[in-house]
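Report on one structure; see the data block that follows.
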Amino acid sequence: MPELPEVETVARTLNALVAGKTIRAVTVRLPRIIQRPEEPEAFAAALEGRTIRSIGRRGKFLRFVLDGLVLVSHLRMEGRYSVCPADEPIEKHTHVLFHLTDGMDLRYKDVRQFGTMHLFRPGEEFEQPPLSKLGMEPLDDAFTVEALRKLLGGRKAPIKPLLLNQAYVTGLGNIYVDESLHKAGIHPERPASSLRAAEWTRLHASIRETLREAVDAGGSSVRSYVNGQGEMGMFQFRLYVYGREDEPCRTCGTPIVKTVLGGRGTHVCPVCQPYRKARGRRPAGKAPAAIPRRMAGDAAAAAADVTSHS
C-alpha cells in the first residue's frame with residue numbers, strides 16, 4: 001500500500017499535470033470504487049464542468065479540490081493515476097476515467113480493485129469518514145516530541161502497531177515504521193510505555209527524517225508503485241532494514257531478521273535494535289521461589305542487561 005511519501009509524490013505530480021484543467025465528463029467502469037454518492041451516475045454528473053484547482057494529501061488519501069467539491073481518493077494496494085490522451089487505448093483494470101476538456105484523460109487503474117472515491121462539499125471531508133478518523137500528520141508542526149509521547153507514551157502495546165494505527169499517526173505504513181524504528185535504535189516489540197525521554201526524541205526525529213528523505217526520493221517502488229507519470233520512486237535503494245531479510249545491516253553488518261508482529265512482516269537488526277522481553281510476573285499471593293546462591297550473580301546480571309536495553 002502506498003504510504004505517505006508515495007501519496008505525497010502522486011499528489012505533487014498530479015498537481016503539476018492536471019491542476020487548472022476542467023472535467024468534461026466522467027466514465028465509471030467499476031461502480032464499487034465510488035463510495036459517496038452511492039450512485040455512480042450522480043458521482044459523474046456532479047463532476048461535469050468542474051475545474052480541478054489543486055491536489056493535496058491527508059494521510060494516505062489524495063484530496064482533489066475542485067470548484068465547490070472535494071474528491072477524496074484512496075489508492076489502497078494497487079491504485080494508480082495516469083494522464084494520457086483521450087484516444088489512447090484503455091488499459092485493463094482502468095475503472096474511472098475523468099475526461100478533460102483539453103483532450104486528455106485522468107485515468108484511475110486498480111488491479112486489486114480496493115481503491116475508493118468519496119465526494120464532499122469543501123470542509124465536510126474532514127468531518128466525516130474516512131478523513132475524520134485520521135490522527136496526527138507526522139510532517140506537520142503540531143507533531144512534536146511531546147505530542148508523540150503524550151499520544152502513545154502511556155500505552156503498553158508494542159510501539160510498532162501503535163505507529164501503524166492511522167487513528168494515532170497517519171500516513172505511516174510498514175516500510176517507514178520499520179525504517180524509523182531502526183534509525184532510532186528501538187525494537188518494534190518494545191512497549192511504548194517503556195521508552196525513555198531520549199528514545200522518544202530519537203523516534204520523533206527518525207520518523208520525520210525518514211519521511212522527508214523518502215518524499216525527496218519520490219517514494220519507494222517496492223511493489224508496483226509509480227507516480228502519475230509512470231516513474232518509479234528511488235527510496236527503496238536506501239532502505240536499511242525493510243525487505244532486507246538475511247542481508248547485512250548497513251550500520252553494523254549484522255544480518256537483518258524478519259519476524260511477524262501484529263500480522264505484519266517486521267524487519268529488525270538485533271544489534272542496532274536490542275530487546276529482551278521481561279519475564280512474566282508471578283501470580284499474586286504466591287511467594288517467589290528461593291534463588292540458589294550460585295545463581296544469584298547470573299540473575300542480577302540478566303536483570304541489569306534487560307534494564308540497559310529497555
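The values are calculated or read from the model by the stated rules, or taken from the named source; none is laboratory data. Note that the coordinates shown come from a computational prediction; the quantities given were computed from them, not determined experimentally. Virtual Cβ from ideal backbone geometry, glycine too; neighbours counted across all protein chains shown.
Tabulated results
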quantity: Filtered residue count, the stretch 101-137, keeping only those that are part of a strand (DSSP E or B) and within 19 Å of residue 56 (Cβ to Cβ); calculated: 8
quantity: Residue 42 farther than 17 Å from residue 129 by Cβ, surrounded by 16 or more Cβ atoms within 10 Å (Cβ to Cβ) and of a type in the set (Gly, Ala, Ser); calculated: no
quantity: Test: residue in the stretch 289-310 that is at pLDDT below 60, surrounded by 15 or more Cβ atoms within 10 Å (Cβ to Cβ) and not in a helix (DSSP H, G or I); calculated: yes
quantity: Lone qualifier among 134, 71 - being in contact with a Gly (Cβ under 6 Å, 6 or more places away or on another chain) and either within 22 Å of residue 9 (Cβ to Cβ) or modelled with pLDDT under 95 (or both); calculated: 134
quantity: Positions within the stretch 140-152 being assigned to a loop (DSSP other than H, G, I, E, B) and surrounded by 16 or more Cβ atoms within 10 Å (Cβ to Cβ), in sequence order; calculated: 143
quantity: Residue pairs meeting the criteria (Cβ under 9 Å; at least 6 apart or on separate chains; first assigned to a strand (DSSP E or B), in the stretch 155-169; second modelled with pLDDT of 95 or more and not hydrophobic (A, V, I, L, M, F, W, C)); calculated: 158/187; 158/188; 158/189; 158/190; 158/191; 169/135; 169/137; 169/138
quantity: Checklist (1) in contact with a helix residue (DSSP H, G or I) (Cβ under 8 Å, 6 or more places away or on another chain); (2) under 21 Å from residue 33 (Cα atoms) applied to residue 90, failing item; calculated: (1)
quantity: Single condition residue 185 does not satisfy, out of (1) farther than 23 Å from residue 248 by Cα; (2) modelled with pLDDT of 95 or more; (3) surrounded by fewer than 19 Cβ atoms within 10 Å (Cβ to Cβ); calculated: (1)
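Per-residue answers, yes or no, for (1) without any contact (Cβ under 8 Å) to a residue 24 or more places away in the chain; (2) within 17 Å of residue 26 (Cα to Cα); (3) touching a helix residue (DSSP H, G or I) at 6+ places or on another chain (Cβ under 7 Å):
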{"residue": "61", "(1), (2), (3)": "no, no, yes"}
{"residue": "69", "(1), (2), (3)": "no, yes, yes"}
{"residue": "95", "(1), (2), (3)": "no, yes, yes"}
{"residue": "111", "(1), (2), (3)": "no, no, no"}
{"residue": "120", "(1), (2), (3)": "no, yes, no"}
{"residue": "130", "(1), (2), (3)": "no, no, no"}
{"residue": "136", "(1), (2), (3)": "no, no, yes"}
{"residue": "140", "(1), (2), (3)": "yes, no, no"}
{"residue": "148", "(1), (2), (3)": "no, no, yes"}
